[in-house]
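To start, the structure under review is shown below, and the notes come after it.
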Amino acid sequence: MANKKKRGLASAPSNVTREELVAKERRLSLKDGAGWAAAFGTSNHAGKTVTLNTAMQLATVWACVRLTAQAVSCLPLSIFEKRGDNSRVKVEADDALVDVLCESPNEDQTPLEFWETMVAWLMTTGNAYAEKVEIGTRLSALQPMPSTHCHPFRDAEGALKFNIIDRGRSEILPREKVFHLKGFGFGGDVGLSPIQFGSQTFGSAIAIDEAAGRLFGKGLQASGILSSEKILDPKQRADLESIMSRFVGSSNAGKLMILEAGLKYDRLSLSPVDAQMLENHRFSVEEMCRWFGMPPIIIGHAAQGQTMWGSGVEQILLAWLTLGIDPLCDRIEARIKKQLIRPSGNRRRYAEFNREALLQMDSAAKASFLSVMTQNGLMTRNEGRAKLNLPRVEGGDELTAQTNLAPLSALGTTNDASARDGSPGVGTTSDGNTARAAMRAWLQSETDKVAA
């Protein structure tokens, strides 16, 4: 760890040394349920050990965590500063916090990799930790720490500290040295882990996958029945079991079996449908998605009778972005402001993810968005071109708006009256009057020609 100094230790009795007190604070006590659960898993009725590693071996858990982490990490993050007129300006480079959050969080990771790591830990354990590496008072790096190896606790004086176990070494960091993202919870110092609280669901899913693997490994067949009119002695039974073991398993499928001494083999067929394997697997996928707030169709699982295409799927995707991705972004932005920006003293600054980047792959939606923004005076042409990575053009910095709308009270007015006092007209233009006059002149000339 970058910071080796221990701070804020409770005052020790005269007969207790400082080293003994530090060792006591580092010790994993019986009350640290999260620490024991992370190390040895959580029990469930299926009898399977549910830990982060075993849960991530489930395809549904892997897909939920991966897609959410990638969706958040791909959004550009920027630091803005509010101005007195309710406007804001983007804080550019040459700022320590901008350099760490938006350019290079640490010497090993890009910003995308860093936020992907933090969101993955947040999704699985309910907490994400990063050590603040500082040079003097200047933040120089954020080093992610495994959430399974970081345990917050309160010392005798009530100060929040973090017990970090790294490569067999234990270290205690004070609150101000740790950037901590907390997930959903009921308050307190930690968020709640969906894997720990969903151990029944994940344990059942692990049991279903294990049963399916064993069933397919044996050629989708249950053990058959050997019948004989004779009674076999123990040695004959052992020899027969040894012979029959050569025909068990998918690698032995298709072998010709030879039966002697009047033995008869009756096959017991058991399909996955008969065992309700497919229905149980489908239900487990939907249950696990509920724990992560992920619509099943996002990970490629369509519910019974649901199509994978159409406007309904688009609405489901928008609901996931609204109820799943946006709250995660809000949670991260609030923590950045509280733990990284406020200590610097500049309370006018805040961090914000650019949600518009989610439209990057939808050309039609992005074109419609930019058209509405530029035609209604909410964005200049050059600002719209910048979002398409196009160069700036001359005259593109002016806000423009459609002029074909007018108040109801001004309907029917023309520029004829306004032209007399030099004011612009409403609802019509002088070009329109000119066009109408030219049309009347042409019609009159054609009429004269016919009369002649």
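Any residue at all in segment 177-184 that's in the same structural domain as residue 328 (by TED's automatic domain parsing), in contact with a helix residue (DSSP H, G or I) (Cβ under 9 Å, 6 or more places away or on another chain) and in a loop (DSSP other than H, G, I, E, B)? Looking for residues that are in the same structural domain as residue 328 (by TED's automatic domain parsing), in contact with a helix residue (DSSP H, G or I) (Cβ under 9 Å, 6 or more places away or on another chain) and in a loop (DSSP other than H, G, I, E, B), one finds at least one in segment 177-184, hence yes. Scanning segment 103-125 for residues that are without any contact (Cβ under 8 Å) to a residue 24 or more places away in the chain and among the acidic types (Asp, Glu) turns up 103, 108.
Filtering segment 365-387 to residues that are in a helix (DSSP H, G or I) and among the β-branched types (Val, Ile, Thr) leaves 372, 374.
In this structure, is residue 417 surrounded by 10 or more Cβ atoms within 10 Å (Cβ to Cβ), hydrophobic (A, V, I, L, M, F, W, C) and modelled with pLDDT under 80? Taking the combined requirement at face value, the residue satisfies it. Just one of the listed residues (193, 104) is closer than 23 Å to residue 326 by Cα and either among the small types (Gly, Ala, Ser) or crowded, with 17+ Cβ neighbours inside 10 Å (or both), and it is 193.
Of all the numbered requirements in (1) closer than 17 Å to residue 144 by Cα; (2) touching a Cys at 6+ places or on another chain (Cβ under 6 Å), residue 77 misses one, and that requirement is (1). Of everything listed in (1) modelled with pLDDT under 75; (2) of a type outside the set (A, V, I, L, M); (3) within 16 Å of residue 202 (Cβ to Cβ), the single unmet condition for residue 281 is (1).
Evaluate segment 73-83: report whether one residue or more is in a loop (DSSP other than H, G, I, E, B), in contact (Cβ under 8 Å) with a residue 12 or more places away in the chain and out of contact with any strand residue (DSSP E or B) (no Cβ under 8 Å at 6 or more places or on another chain). Yes, that holds for at least one residue. Scanning segment 50-66 for residues that are surrounded by 15 or more Cβ atoms within 10 Å (Cβ to Cβ) and either under 28 Å from residue 141 (Cβ atoms) or of a type outside the set (A, V, I, L, M, F, W, C) (or both) turns up 51, 52, 54, 56, 60, 65, 66. Every condition in (1) over 25 Å from residue 58 (Cα atoms); (2) basic (Lys, Arg); (3) touching a strand residue (DSSP E or B) at 6+ places or on another chain (Cβ under 8 Å) holds for residue 138 except the one numbered (3).
The values are calculated or read from the model by the stated rules, or taken from the named source; none is laboratory data. On a predicted model such as this, the values are computed, not experimentally measured, just so you know. Here Cβ is always computed from backbone atoms with ideal geometry, including for glycine, and neighbour counts include all displayed protein chains.
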